[in-house]
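Sharing a structure below in structure tokens format, with a few things to ask.
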Amino acid sequence: MNYNPLRGFKYPTPMEAKIGNFIRNVYYELAQSYNINFLNPPLLAKTKIFQSLGIGSDVVRKELYSFTQKDGEEVCLIPEYTRIFVEQMAHDQTFMGSYGCFGACFRYERPQLGRYRSFTQMSIETIGSSHYMKDIELFCFLRDFFHRISLTNYKIFINSIGTMEDRRIYEGVLENYFQEHLSKMSSNGKAKFERKAFLRMLDSKDPEDLVYILKAPPITQFLCEESQKKYQQIKNTLRSLNIVFEENPLLVRGLDYYNDLVFEYTHEDMGAQSSILGGGRYDGLFKEVTGKSVPAVGFAIGIERVIYLLEKNKTFMAHLNALMKIAIIPVEEGEYLYALEIFQILKTIGTLSILYHKNVSQRLKQCHKESYEYVLMIGETEKNARQVIIKNMFKNQEELVAVEDLALYFLKRKEEKPYTP
Ligand code: HAM
């Protein structure tokens, strides 16, 4: 049968799934320390919820997985969590606190490395405060998070796009500026101009557009005093915290709801054009949805991109594999209960499987294939003597150990490992 998955839908390998679970566990654990609550919103929503996000965004214009459901309602698979989060908060009448989501999103994009039509986002949204310290908290969370999963060498880019009013003024400036050069710009750039997505024109990677983009007046010249002050406070605090960042005045983000701080993290192994996360302030979105003014700031990480980076990282993989993989092989059914007893003794020490199928040599072949580090062989003789044959598959060595010494034996082996999970 042909293996023929939907384009842009990827079946994660067992290793990718394992790394994904590790990331999720770290996230849940760390989120506890930061007093973050979790949400599990539905993955299907009314299309109009997302359409209201604006003309500028490709996510909304071209990439929505929308369809008409049986009752005639236009619905879509969610392309991100921020808008649906606002919906849920409005529904629950909750306007304060930090909330996290970890789950699937869908965008009808052109698939490429790290870009899928079904992918996973891990997000944090903080609502109820416009204080810049809330922005800073997110950077602190991210620093701790990346440290715990051993992801290094990422780059942080930040920008301020000012208040909605600043943006409106700036868009007028950009309209005049690009109008002058439009005839020499790419068809993509022209189309954005037609749609009045002037800010998004700065996003173009087209070489034809780049010359003009680089000479465009930067948004930072048009920030009101309040926005300038906030941006400066954020930069100063990040410096005091030794969080290294670069300013990128062309950073405008792919969604329209942002104001003031916007940021993205990239990693050179992923290619500069693919961010591993993006976020910023969206103080106006609640007002638009609920009529109530509720400031908010947040980010979302693309989990498949982080998995890709971690799988290439030898330090991380050593860390992940530090949990010893042990197979217990009862030679005959008569040794099965004894195998279960050994399983109980070792269950906090490693990842265990009892293999009882086919013949012993096939089971050993499987252990090689699946990279078991240790195989514990128990036949009738070992059972009667309350002993175990321990085969170290990596070193090709064998030892006979009494069952009461087993735990200590493996604890010592564990101490010899370079990383302890
Ligand atoms: P976004 O930049 O559209 O922002 O997406 C955030 C992250 O999701 C990206 O940096 C990327 O890692 C990942 N991502 C996006 N599209 C794909 C794809 N097709 N395949 C794989 N990964 C992808 C948002 O979604 C905002 N809601 C973030 C936010 C939260 N802003 C404030 N709060």
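The values are calculated or read from the model by the stated rules, or taken from the named source; none is laboratory data. All figures in this text were calculated on a predicted structure; none of them were measured in a lab. Cβ coordinates were reconstructed from backbone atoms using ideal geometry, including for glycine residues, and neighbour counts include every protein chain displayed. The protein model used for the area step is the full one, side chains on, heavy atoms only, and it has no ligands, DNA or RNA in it. Shrake-Rupley method; radii C 1.70, N 1.55, O 1.52, S 1.80 Å.
Do we have I243 as open to solvent by less than 30 Å² (accessible area, probe 1.4 Å), within 16 Å of the ligand (Cβ to nearest atom) and either over 17 Å from E80 (Cα atoms) or touching a strand residue (DSSP E or B) at 6+ places or on another chain (Cβ under 8 Å) (or both) here?
Judged against the criteria, I243 is not a match.
A further question follows. Which of the residues belonging to region 190-223 are more than 32 Å from the chain's Cα centre (by Cα) and among the charged types (D, E, K, R)?
Of everything in region 190-223, those that are more than 32 Å from the chain's Cα centre (by Cα) and among the charged types (D, E, K, R) turn out to be K190, E194, E208, K215.
A follow-up question, please. Among the helices (runs of 4 or more DSSP H) lying completely within region 159-240, list those that include at least 3 residues that are over 16 Å from Y132 (Cβ atoms) and not assigned by TED's automatic domain parsing to the domain that holds G254.
164-181, 187-194, 207-215
Continuing with the same structure: Can you tell me which of Y11, Y27 is free of Cβ contacts under 8 Å to residues at least 40 places away in the same chain and hydroxyl-bearing (S, T, Y)?
Y11
Another one. With respect to the numbered conditions (1) in contact with an Asp or Glu (Cβ under 8 Å, 6 or more places away or on another chain); (2) at pLDDT below 95, which one is the sole condition not fulfilled by K235?
Of (1) in contact with an Asp or Glu (Cβ under 8 Å, 6 or more places away or on another chain); (2) at pLDDT below 95, only one is false for K235: (2).
Looking at the structure I just gave you, is Y258 closer than 24 Å to T120 by Cα and of a type in the set (F, W, Y)?
In short, yes.
Identify all residues within region 58-117 that are part of a loop (DSSP other than H, G, I, E, B) and touching an Asp or Glu at 6+ places or on another chain (Cβ under 9 Å); write none if there are none.
K62, E63, P79, Y81, R107, Y108, E109, G114, Y116, R117
Step by step: first the residues of region 20-55, then only those that are open to solvent by less than 30 Å² (accessible area, probe 1.4 Å) and over 27 Å from V306 (Cβ atoms), then the one that is modelled with the lowest pLDDT. Which residue is that?
This residue is G54.
Could you please tell me which pairs satisfy a Cβ distance under 7 Å, a separation of 6+ or placement on different chains, a first residue in region 133-150 that is assigned by TED's automatic domain parsing to the domain that holds Y231, and a second residue that is surrounded by 21 or more Cβ atoms within 10 Å (Cβ to Cβ) and of a type in the set (D, E, K, R)?
Hits for this filter: D135/R281.
Name the residue, out of E109, E87, E73, that is of a type in the set (D, E) and either under 22 Å from I36 (Cα atoms) or not assigned by TED's automatic domain parsing to the domain that holds K62 (or both).
E87
A further question follows. Return the pair list, or none, for Cβ contacts closer than 9 Å from residues in region 206-223 that are more than 19 Å from N176 (Cβ to Cβ) to residues that are open to solvent by less than 40 Å² (accessible area, probe 1.4 Å) and not in a helix (DSSP H, G or I), at least 6 apart or on different chains.
D206/M185; D206/S186; P207/S186; E208/M185; E208/S186; L210/S204
Take the residues in region 73-92 that are over 24 Å from the mean Cα position of the chain (by Cα) and open to solvent by less than 50 Å² (accessible area, probe 1.4 Å), then tell me which one is nearest to the ligand (Cβ to nearest atom).
A90
Could you tell me which residue of region 382-404 is farthest from L320 (Cα to Cα), considering only residues that are among the polar types (S, T, N, Q) and touching a strand residue (DSSP E or B) at 6+ places or on another chain (Cβ under 8 Å)?
Top of the filtered list is Q387.
How many residues are within 7 Å of the ligand (Cβ to nearest atom) and open to solvent by 30 Å² or more (accessible area, probe 1.4 Å) when one looks only at region 276-314?
The total comes to 2.
Take region 56-72 and flag every residue that is more than 10 Å from the ligand (Cβ to nearest atom), open to solvent by 20 Å² or more (accessible area, probe 1.4 Å) and of a type outside the set (K, R).
Residues satisfying the conditions are L64, Y65, S66, F67, T68, Q69, D71, G72.
Does region 240-248 include one or more residues that are touching a Leu at 6+ places or on another chain (Cβ under 6 Å) and at pLDDT 95 or above?
The answer is yes; a qualifying residue exists.
Just to be sure before I move on: is H368 within 23 Å of K18 (Cα to Cα) and open to solvent by 10 Å² or more (accessible area, probe 1.4 Å) in the structure I sent?
yes
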